[in-house]
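Here, each number is a calculation from the coordinates, and none is a lab measurement. Everything quoted here is computed from the prediction, not taken from an experiment. As a convention, Cβ positions derive from the backbone with ideal geometry for all residues, glycine included, and neighbour counts pool all protein chains shown.
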Amino acid sequence: MNSVKFVIITHVSHVCKSNEYLGYSPYVQEMNIWLEYVDEVIIVAPLRKRKITPIDISYQHDKINFKAVPDFSFISLKNILVSIFKLPTIFWKIFWAMKAANHIHLRCPGNMGLIGCFVQVLFPNKIKTAKYAGNWDPKSKQPWSYRLQKWILNNAFLTRNMQVLVYGDWENQSKNIKPFFTATYSEAEKENIEKTDFNIGIKFVFVGSLVSGKNPLYSIELVEKLVTEGYNVTLDLYGDGVERDSLENYVQMNKLEEYINLKGNQNKETLKDVYQKSHFVILPSKSEGWPKAIAEGMFWGCTPIATKVSCVSYMLDYGKRGTLLEMDLDKDVEQIENLIVNQNDFLKKSQIAMEWSRNFTTDVFEKEISKLLIK
């Protein structure tokens, strides 16, 4: 087998401590599976001086060459002007990193992924993979930069020798596109789960960034409405973000402290315990790829409640494995009430959700990744 020199182009922010590079744990956990099959790693990504958080973990590889690049964005005129001066350096570092590697790996969508999409065109003969972690649905409304990345990746003339891993199976795609999935738990972690009776209390959990795109406020409003209708329900929100203060103010203003708690960022083991003890996992997100929180909750028998975006309808088998939100508060509360009143229906959905999600373990994921890397 030939030696694999693997370059990763990613927008994920990193931090360095004691010569180890750390980043957002779901991303790094996945990349560590890829890195089991490579000999050398070049990472081109932003590197910041910041505190390490509970959701940062380190890469597990003994030969990492980190090429730090500055953060940049195109969300305002000022950012665009500043970014113009940064782009030549970023293009240059990506070009030389790709030239040095024999396998190019892009993480999309993101600003670094966009630049990577352009630069990889210059290396038509190198083996390439891209992980598109967002919504691949061709009909969805998305920012221009996301649409541009999707167009380049899907174009088999510009993008050669590439396998693009996307969530969902969509019509009219090029030979580059490969339907895929992601995973958090291993076969060895599987264990029997029995959900407690609703009479003891009904537990909802939200896991995700506290930003408008994830719609955490709608989760709170759903549970608030159930509280006012006399149900013994609680909601714990795990994650952090710019909306945290306004969400905490909403909880206080509406005297919901007894029912709703914001827990901040927590590690994988803590979340595993939370899922095991919860009845419902909820994510009223505006856009998703393969929502890990939903798949993780299902793995532990939580009945999922989520919006009809990307491949979520497929994940929930169009409502057979969970509840698809209409984003109409009264209608959605009525759907949830039906499951609370008919606990056998909840238990049935909980069981089939768990059985389905347990098909997608890290063991299966690793086997599929190895096929992309071992030639």
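Length gained on full extension, PHE85 to ARG50, computed as 0.36 nm times the residue gap minus the Cα-Cα distance: 10.2 nm. A cut-off of 5 Å between modelled amide H atoms, ignoring neighbours fewer than 5 places along the same chain, links ILE260 with LEU235.
Its alpha carbons considered, the chain gives a radius of gyration followed by a Dmax of 21.4, 64 Å.
Inter-part distance, the stretch 61-99 to the stretch 303-365, computed on C-alpha centroids, equals 40 Å. In this Cβ point-charge picture (+1 for Lys and Arg, -1 for Asp and Glu), the chain has a dipole of about 2100 debye about its Cα centre. In terms of packing, defined here as the mean over residues of other Cβ atoms within 10 angstrom, the peptides 99-107, 116-124 line up highest first as 99-107, 116-124. Projected onto its three principal axes, the C-alpha set of the stretch 187-357 covers 41, 31, 27 Å, listed from the longest axis down.
Whole-Hz Karplus values for the stretch 119-135 come out as 5, 4, 4, 6, 10, x, 9, 7, 5, 9, 9, 9, 10, 9, 8, x, 7 Hz, taken residue by residue from phi with 6.51 cos²θ - 1.76 cosθ + 1.60 and θ = phi - 60°; glycine and proline positions read x.
Rounded to the nearest 20 debye, the dipole size of the stretch 167-237 about its Cα centre is 300 debye, using +1 on the Cβ of Lys and Arg and -1 on the Cβ of Asp and Glu.
Ordering VAL242, VAL164 from the fewest to the most neighbouring beta carbons within 10 Å gives VAL242, VAL164.
What the phi angles of the stretch 90-105 give under the Karplus curve with 6.51, -1.76 and 1.60, with θ = phi - 60°, is a coupling list of 5, 4, 4, 5, 5, 4, 5, 5, 5, 5, 6, 8, 10, 9, 9, 10 Hz, glycine and proline written as x. Using only side-chain charges placed at the Cβ, +1 for Lys and Arg and -1 for Asp and Glu, the dipole size of the stretch 165-319 relative to its Cα centre rounds to 360 debye. Sequentially through the stretch 167-173, phi angles give Karplus couplings (6.51, -1.76, 1.60; θ = phi - 60°) of 8, x, 10, 10, 6, 6, 9 Hz, Gly and Pro residues having no value and appearing as x.
Amide H contacts of HIS11: MET112, GLY113, each under 5 Å away and 5 or more positions distant or on a separate chain (H built 1.01 Å from N in the peptide plane; Pro and chain starts excluded). Each of ASP245 and ASP39 was given a label point 7 Å from its Cα along the Cα-to-Cβ line. The distance between the two points is 5.3 nm.
Note on the stretch 255-303: Cα-Cα pairs beyond 13 Å make up 63% of the total pair count. Close amide H contacts of ALA130 (hydrogens built in the peptide plane, cut-off under 5 Å, sequence separation of 5 or more or a different chain): LEU106, GLN163, VAL164, LEU165.
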